[in-house]
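Below is one structure, written out as structure tokens; comments come after it.
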């Protein structure tokens, strides 16, 4: 158990992750199974949205404004069309729009977190392990980065991107700008925590032992220190994924989100909040519930993953 | 220790310079202030003249140097929007944001640590699991939506709390406080929860995760074996040792509370610097944006410094380490 | 000022128990200055109409009525106008109003640094005849001059000079930016820019008091949902605007009433007619189809305005056929029909112009300028797509929008226009004249629409005294613009205010909120 932790943990973590303990642990944790199911369901329905969705909400020519504000399961008073989850202000089928919107949200979320994580871990490890002026530069850069609220980072990147992107590519640009903006505003958290933990880990016996037997810095960082700082990283990454999806919504609230003609889940909620008092509850409720189930399941799954992957908790 | 502090202060000054530069280069992309300053019957000549008056026709480096000169003397210029010195406006608005940040920070830390410890100790308890799951709902929705839902529930439907603003404030010198009136305190509740919820959840989860690891450590087992009281083990020994990463994250979060007060202040029409900043973006009030960013930078740099110093105080290993690393 | 004294001075943003005569209201934009000559924008002028007054003012039905002038008449066969001033009028600080103040206010408001300068471009001189008579001379006969100065507000010469505010200072601000001294029914008792402004009645006001307010307070509230919540929870007595979608629900709720009207602002689509090529979309760089009037006509038939009005505007707006609404002077009744929604006709027109398969282009749109502007643009995008015109929609905040329009970065754009003079001549001057910097014409004609007959008609309209002849020319201009589809006017923006049930007030079509018409019951 834990007495063997310090020396053999790095190696056994990967091994353990794939042997039957892991699978067994998963099977007997109902919350993990449940949230994995929800995440899988949502991700799959997002991927296969064009096959599942009854309409293509991103095709403006297919929309009929007269279908606007149709209540769920009710016939529209002008066209007689019926929509499962109703329609929004543009006459878009809410169900289809959610499926398509989730694609964008998930794509932005995964990409942004991946970007932030790779960047943050790399810089954090280097800063913590190498130290010296490199650390100073990285951590001061982190200070500068933290100073800028994500909204501002997004606006800056939006502005710059607008200036340098050829006009015909600008509509596809928004998504990448979002990924860059959210990822950039998030890497510091990873870097700071990884650096903090690295500072503690690097003088532990097992690292010193590795150094003594002549292992290179890169190997030590990746093979020995990295696995031991993964616990806080997973906590942050978990919340970050949900957060990135939500950050996109917030940016949209402030006017720099996904374009309204190709709304993400967050944009849908932003649009829907305008109808909170007017009685069209379905425009905000269904996207919110979808976002909530997605974020909640990701978080719960992350919780379980963390416990299961952490060698010290086994 | 002293050299460390001096070095950090020097670095901080550099950071501020860079922030100023980045902020300034950003302003060219946020829009054009001219349209908000002139009415619809303006002529092209009016536009050109105003641009000259504001110095916007000058090359970017000239504008930046001018800004730095002013900033060094504590002069951030005059707001395009309000026609008043930016420093005056910031001083007026700061108390609202600081009070809101203080209350939400206090809320996030106390409840976050308390719940974190509780959920770690009762790891498999029903309540602990409930708290873990329910707390996630709060961070699985965007802040603006939570704010609007809180307003809808507590201001519109129940009528218990005000829907916007700060309530009655009392002026003590230049500081206006909402702590001394009933309506001021009531007005603080919803925005503080909205603002602090995310931080609270993050702190709680972090404390729990760190506590769980520490509780597994040998020395805790020894302490238990020695017959120390459970309470003492949990708080004196375990909690204390979880604090390094918790302080890192908490310190950062306190800074973010102020930065992200922007959204809460917009939803609740809270008269702080965040709302000022959003208005400044809307009206392309460059002097206000620049000053706000500088202010936030000073705050962040300060918080970073404190966090680093606290590292020294809490984790003795780092003190030894610093000699080698720095 | 007051802050220093008041250790316990309570600044009430929403008050505890509200006294019957206290009135609080919320709007989206704070007046950025209290100087009536610094900024020519609706939020500033609308607010200051409660504090300052002009020689003439607009009544409840928008008609011009006497204010600080009791009467006026044209003099010297088109040379100008003579105004007889009201006697016994005092400013808020107690000093009296006379002809010197009018002359001073002219010099102040027509100064180079004043945003209101354009109002005085027809004026050649202002002469003080005696203490209560003023002659305003114009370069050409100007029949609508009194109409054009309803927002020209009188400032006390002594007060302004004593406080070093003889000229407005937009860039650095001065005393008059933060303080006001008008002759109006209300005076500013406290002002925290961007947060709240408190007004109390002016005891020495010359007019007959209709209101029963003892104290009024204005707070800007940006987020529409927050404003609605504030009204519903009784934290404020009035909000402007009510989000259109919430109007029906609010009207049905117990404590709140909704007051609807039509604003002076016409929302229209503009199309680039100068550029030789398209700038956006898949057909970027290809010849610009919008130069062809048939293509522009196709747009006007493809946009289903009734559907926009029914859903996005929820029946609160009226369709528009020309650049002004029917409430404006000079509206062309002869051209009141707007193009019908007819997709087949639109397709036919496109085919006739050589675009049977349509084309792709860029539509620029603000997302925080007009009511539901982004939703309208989205709807337009899908309607145009249905006839083959595939728009790439780019919606942005207004602070980025105007620079884009000025830089000609659009193929099609959304524009709202509210004529400052409430006269049909105004949009011809700003939107339809061939752009000419020297003559200051067509300064908002981003589209680059140009028609020699319109250019010739404008000066004739401006100086025609005979109302019938003038209307004939306005009708002709309206017809030309319709025939050539200079713009595609879609609808007149609705005006939706919400108040508590205990409030009675009058809504003016220019969206100015006049406090002296409010009473709290």
**Prompt:** Out of all the residues in region C:383-390, is one or more over 17 Å from residue B:282 (Cα atoms), surrounded by fewer than 24 Cβ atoms within 10 Å (Cβ to Cβ), touching a strand residue (DSSP E or B) at 6+ places or on another chain (Cβ under 8 Å) and in contact (Cβ under 8 Å) with a residue 12 or more places away in the chain?
**Reply:** yes
**Item:** Filter result (more than 7 Å from every other protein chain (Cβ to nearest Cβ), in a helix (DSSP H, G or I) and touching a residue at least 12 places away in the same chain (Cβ under 8 Å)) within region A:272-290
**Value:** A:272, A:282, A:283, A:284, A:285, A:286, A:287, A:290
**Asked** When you go through B:20, B:70, B:55 one by one, which is the residue that is modelled with pLDDT of 75 or more and within 12 Å of chain A (Cβ to nearest Cβ)?
**Response** B:20
**Asked** For residue B:138, are the conditions met, namely being in a helix (DSSP H, G or I), within 14 Å of chain A (Cβ to nearest Cβ) and within 22 Å of the chain's Cα centre (by Cα)?
**Response** yes
**Item:** Residue within region A:254-263 that is closer than 16 Å to residue B:144 by Cβ, out of contact with any helix residue (DSSP H, G or I) (no Cβ under 7 Å at 6 or more places or on another chain) and within 14 Å of chain C (Cβ to nearest Cβ) present
**Value:** yes
**Residue count, region B:37-52 (criterion: in a helix (DSSP H, G or I), more than 17 Å from residue C:429 (Cα to Cα) and facing chain C (nearest Cβ under 7 Å))** = 1
**Message:** Show the residue pairs meeting these rules: Cβ distance below 9 Å; 6+ apart or different chains; first residue within region C:128-151 and in the same structural domain as residue C:426 (by TED's automatic domain parsing); second residue part of a helix (DSSP H, G or I).
**Reply:** none
**Item:** Only one of C:44, C:102 that is crowded, with 22+ Cβ neighbours inside 10 Å, in contact with a strand residue (DSSP E or B) (Cβ under 8 Å, 6 or more places away or on another chain) and without any contact (Cβ under 8 Å) to a residue 60 or more places away in the chain
**Value:** C:102
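Taking residue C:337, is it more than 14 Å from chain B (Cβ to nearest Cβ) and closer than 21 Å to residue C:274 by Cβ?
Working: more than 14 Å from chain B (Cβ to nearest Cβ): yes; closer than 21 Å to residue C:274 by Cβ: no.
No.
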**Complete:** Conditions (1) more than 13 Å from every other protein chain (Cβ to nearest Cβ); (2) part of a helix (DSSP H, G or I); (3) more than 30 Å from residue A:268 (Cα to Cα) -> residue B:108 fails only (3)
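For the subset of region A:49-71 comprising residues that are outside any helix (DSSP H, G or I) and over 25 Å from residue A:106 (Cα atoms), which member is farthest from the other protein chains (Cβ to nearest Cβ)?
The residue in question is A:71.
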**Asked** Of all strands (runs of 3 or more DSSP E) completely enclosed by region C:212-311, which ones contain at least 3 residues that are touching a helix residue (DSSP H, G or I) at 6+ places or on another chain (Cβ under 7 Å), more than 14 Å from chain A (Cβ to nearest Cβ) and surrounded by fewer than 22 Cβ atoms within 10 Å (Cβ to Cβ)?
**Response** none
**Asked** Considering region B:241-283 alone, what residues qualify as being farther than 24 Å from residue B:152 by Cβ, within 11 Å of chain A (Cβ to nearest Cβ) and under 12 Å from the mean Cα position of the chain (by Cα)?
**Response** B:251, B:252, B:253, B:255, B:256, B:258, B:259
**Asked** In region B:118-135, how many are assigned to a loop (DSSP other than H, G, I, E, B) and either touching a strand residue (DSSP E or B) at 6+ places or on another chain (Cβ under 7 Å) or touching a residue at least 12 places away in the same chain (Cβ under 8 Å) (or both)?
**Response** 1
**Request:** Please verify whether region C:128-147 includes one or more residues that are assigned to a helix (DSSP H, G or I), within 13 Å of chain B (Cβ to nearest Cβ) and either within 30 Å of residue B:83 (Cβ to Cβ) or within 26 Å of the chain's Cα centre (by Cα) (or both).
**Result:** no
**Request:** Please go through region A:88-126 and pick out each residue that is without any contact (Cβ under 8 Å) to a residue 40 or more places away in the chain and crowded, with 24+ Cβ neighbours inside 10 Å.
**Result:** A:90, A:91, A:92
**Complete:** Only one of (1) buried (at least 23 other Cβ atoms within 10 Å of the Cβ); (2) facing another protein chain (nearest Cβ under 8 Å); (3) in contact (Cβ under 8 Å) with a residue 60 or more places away in the chain does not apply to residue A:269, and that is (3)
**Request:** Would you check if residue B:143 is surrounded by fewer than 19 Cβ atoms within 10 Å (Cβ to Cβ) and either touching a helix residue (DSSP H, G or I) at 6+ places or on another chain (Cβ under 6 Å) or at pLDDT 85 or above (or both)?
**Result:** no
**Message:** Based on this model, can you work out whether residue C:322 counts as within 22 Å of residue C:273 (Cβ to Cβ) and modelled with pLDDT of 90 or more?
**Reply:** yes
**Request:** Within region B:150-180, track down each residue that is surrounded by fewer than 24 Cβ atoms within 10 Å (Cβ to Cβ), in a loop (DSSP other than H, G, I, E, B) and facing chain C (nearest Cβ under 7 Å).
**Result:** B:159, B:167
**Prompt:** Are any of the residues in region C:173-185 over 14 Å from residue C:33 (Cα atoms) and assigned to a helix (DSSP H, G or I)?
**Reply:** no
**Prompt:** Going by the conditions given, is residue B:192 away from chain C (no Cβ under 14 Å) and assigned to a helix (DSSP H, G or I)?
**Reply:** yes
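Just to be sure before I move on: is residue C:330 without any contact (Cβ under 8 Å) to a residue 40 or more places away in the chain and touching a helix residue (DSSP H, G or I) at 6+ places or on another chain (Cβ under 7 Å) in the structure I sent? Write out each step before concluding.
Working: without any contact (Cβ under 8 Å) to a residue 40 or more places away in the chain: no; touching a helix residue (DSSP H, G or I) at 6+ places or on another chain (Cβ under 7 Å): yes.
In short, no.
The values are calculated or read from the model by the stated rules, or taken from the named source; none is laboratory data. Computed from a prediction, not measured in an experiment: that's the story for all the values here. We place every Cβ from the backbone using ideal geometry, glycine too, and count neighbours over all the protein chains shown.
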